[in-house]
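Take a look at the structure below.
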Amino acid sequence: MAAAELTETKQGIMHLVPLIVSATCADAGGDWVVFDGYKGVIPLAGMAVSVATSGEEVFTYGTATINNGGTAYGATDTSIVCSSCSITRTGSAFYLLSQSGEILEVLSDATPTTSTGTFTVRRGCLGTTASGTGLANTNKLAILNIVFLGEALIGSHLFVVLPMPNDTRTTWGMA
């Protein structure tokens, strides 16, 4: 992305405070944290420590795969069908990030404990533009309130995240 393509977005972030998170992973295959009280977080930095080693934490987001039968969703579609979802989603509102850079707010997810879902969404959140690109069949969406801990270490993980603000079109708190 060239600097000329960047879009400045002004959001009400002045009152957001970074969160210090401590998690203990019991599985050597990696683990995740679901930020149920937040629509999304931005991982800033972290460390993982086990009996044998320690190191900088690597983060990825939970994902969902668009499964709409082959036709891309348009910029005005507000019902998105997904499969292969991270199965520990919250029942609360959360943000999705598309491959085109659009942020979508999930207003309802009737089946948060399954690997499929039909999300009712608000399009073009946090200053992004609603777009059909990035919402084609089999495209991935990042679930911005699920953070996977990439260092597959059993033991303590300490990291810092910045909670994402509410979209300016949403009242304070969860939708």
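Structure values in brief
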read-out	value
Debye intensity ratio in log₁₀ form over the Cα atoms of the stretch 14-138, taken at each q of 0.12, 0.18, 0.22 Å⁻¹	-0.53, -1.03, -1.33
Extension gain, S54 back to D77 (0.36 nm per residue minus Cα-Cα distance, nm)	3.8 nm
Segment S22-T111, length gained on full extension (0.36 nm per residue, minus Cα span)	29.2 nm
Likely footprinting exposure, C85, C25, fewest C-beta neighbours within 10 Å first	C25, C85
Percent RCO, i.e. relative contact order, over the stretch 33-137, from Cα pairs under 8 Å lying at least 6 residues apart	28
Ellipsoid semi-axes in whole angstrom, largest first, where each is sqrt(5λ) of the Cα gyration tensor of the stretch 69-175	23, 18, 14
Length added when fully stretched, T118-L158, from 0.36 nm per residue minus Cα-Cα	11.1 nm
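Here, each number is a calculation from the coordinates, and none is a lab measurement. Here the structure is a predicted model, which is why all the values come from computation and not from measurement. Here Cβ is always computed from backbone atoms with ideal geometry, including for glycine, and neighbour counts include all displayed protein chains.
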